[in-house]
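Below you'll find the structure, written out as structure tokens, and then a few comments.
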Amino acid sequence: MLTLTGSWETAGLGKHAQLALAQEQKGLDYWVYLFSRLLLHQKIAAVLLLVFGISLFKTVIESKDKNRFDFLLRRQLWFLILGVVNALIFLYRGDLLFFIGVLGILFFVLARLTVRTQLSLVILFCLIWIGRQYWYYSDDRDLHGKYAAVLAIEKQWPRDTAQRAASDTLTSKQATDKATWEQIAQTKKYDSAAVAGARAAMRSTTYSTNFNHVLNPVKNEQTFWIFREGIWLGGMMILLGMASNQARFFSKRFSSSFKLIWGLFALGTAAGWGYLQMDLSRMVATDYTAYISRFNIPANLFYPLEIGLSAFGWISILAALADKIVFPWRALTAVGSMPLTIYMMQCLATSLFFSGYGFDFYGMYSAGGLLLFGLELNLLLIAFAAVWTHYFNAGPLEYLLTRAITGTTSTLIHETV
């Protein structure tokens with residue numbers, strides 16, 4: 001499921017390409033993008049983090065293995081290593097393994113907390129993220145205030161430059177204040193040169209050119225973003241998973257109808273919130289100066305609420321359907337028994353298909369084409385998982401990872417085969 005939208009950056013539908021789609025607001029491609037942005041983009045990753053939180057809780061609390069903490073920490077270190085491989089060798093943008101590796105080490109101890117404490121931390125993390133975004137926006141407002149003061153000075157000068165006095169010039173500080181804001185406002189706009197540059201770099205058949213283009217964004221995603229914003233968003237989802245599992249929300253304790261209704265309500269609320277934030281973000285991209293003059297809050301201020309409600313809504317809907325439907329859950333169970341293998345295959349296949357060192361389709365697919373690509377790839381991987389688990393007890397990477405962590409070997413092939 002992750003490749004439905006997780007491949008956007010890798011495939012060439014990056015920030016600026018998305019801005020172009022959002023500003024057009026017409027055509028089938030826009031509506032596919034809108035659907036994906038509101039219901040899928042980053043939401044599937046949030047679902048995986050929530051599920052990872054449930055897994056952490058089961059490992060720490062429900063497992064009876066006395067070596068479970070040693071196993072958990074070794075597994076997280078391997079996730080870090082595989083995340084680096086995914087990002088810097090496969091050249092996949094938006095890798096989750098490194099992120100999960102970091103979060104698992106930081107937050108596994110919180111599984112012992114009560115449901116009330118975990119939910120309190122979810123709220124705290126959400127407020128911290130919101131507070132930090134408001135802080136950054138306040139800094140921009142301060143810079144805009146200095147810019148507005150410079151414009152007020154310039155308005156007092158004669159329009160005809162020939163009639164201006166010698167003193168009608170900006171000081172070095174005023175010129176810097178004006179240039180700083182203009183640069184900030186420009187970064188919010190659609191940049192066709194950035195799109196063309198990325199396409200040229202990623203469509204080069206030289207692996208080193210692809211690597212050099214991806215390196216800086218990946219370093220930002222894997223380090224700066226994680227510790228500036230990701231730790232709060234990811235921690236919020238992991239704690240939400242722990243709390244929901246401890247409260248047995250997705251179990252038979254609650255009826256299928258209740259989970260379905262709650263899931264649809266949460267998903268619909270998140271989509272509505274997301275659309276409002278998209279509209280505000282469109283205004284930012286059109287004219288950030290006009291936006292900051294009009295609004296006191298940033299466009300993405302309540303993004304954690306959108307992500308949290310979407311992930312919880314999807315899990316609730318899936319849990320409700322699983323109570324009533326047998327097929328295709330059998331096939332999905334096969335995927336669930338080898339998630340690491342499936343994830344790495346998704347990332348490698350996506351990178352090979354779109355990068356210049358592979359099949360060179362970077363930037364050539366529309367939002368609709370990317371959605372179809374994700375669906376087709378996921379169907380192939382589900383079929384692969386169903387066939388593999390028919391003959392083997394574990395996925396290939398799961399088997400190798402367990403062997404690397406524990407140093408023991410187990411039977412990979414089913415005894416009946």
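The alpha-carbon positions of the range 271-321 define a convex hull whose volume is 62 Å³ per residue. As a proxy for reagent exposure, I231, I261, I238 were ordered by neighbouring Cβ count within 10 angstrom, fewest first; the result is I261, I231, I238.
If you take the C-alpha gyration tensor of the range 274-417, multiply each eigenvalue by 5 and take the square root, what semi-axes do you get, largest first, in whole Å? Could you put the intermediate results ahead of the total?
Numbers: eigenvalues 318, 90, 54 Å².
The three semi-axes for the range 274-417 are 40, 21, 16 Å.
Ordered by the count of other Cβ atoms within 10 Å of each Cβ, fewest first, L309, L379, L121, L13 give L379, L121, L309, L13.
Neighbour counts of other C-beta atoms within 10 Å: give me R282, R116 arranged from fewest to most.
Ordered by Cβ neighbours within 10 Å, fewest first: R116, R282.
Each principal axis of the range 189-271 carries a Cα extent, and these read 55, 27, 25 Å when sorted largest first. In this structure, the residue pairs whose Cα-Cα separation is over 23 Å, taken from K58/K259; K146/K219; K26/K259; K173/K219; K188/K219; K58/K252, are K146/K219; K26/K259; K173/K219. Summarised in one figure, the compactness ratio Rg/Rh of the range 193-326, Cα atoms and Kirkwood Rh, is 1.11.
Over all directions, average the projected area of the Cα convex hull of the range 366-417 and note it in nm². Before the final figure, lay out the partial values.
Values: hull surface 18.4 nm².
The number I arrive at for the range 366-417 is 4.6 nm².
What is the log10 of I(q)/I(0) for the chain, computed with the Debye formula using one identical point scatterer on each Cα and no solvent, at q = 0.13 Å⁻¹? At q = 0.13 Å⁻¹ the computed log10 ratios are -1.27.
Across the range 204-219, computed HN-Hα scalar couplings (Karplus, 6.51 cos²θ - 1.76 cosθ + 1.60, θ = phi - 60°) run 5, 7, 8, 4, 5, 5, 4, 4, 4, 6, 7, 4, 5, x, 5, 4 Hz from first to last residue, x flagging Gly and Pro. If you wrap the tightest convex hull around every Cα atom of the range 287-360 and split its volume per residue, you get 176 Å³. Taking amide H as placed 1.01 Å from N in the peptide plane, F392 has its amide H under 5 Å from the amide H of H414, each at least 5 places away in sequence or on another chain. Can you list, bin by bin at 10 Å, the percent of alpha carbon pairs in the range 29-176, starting at 0? Result returned by the calculation: 9, 21, 22, 17, 13, 11, 6, 2, 0.
Just so you know, all these numbers are worked out from the coordinates, no wet-lab data involved. Just so you know, these numbers come straight off a predicted model, no measurement behind them. Using ideal geometry, Cβ is built from the backbone for each residue, glycine included, and neighbour counts are taken over all protein chains shown.
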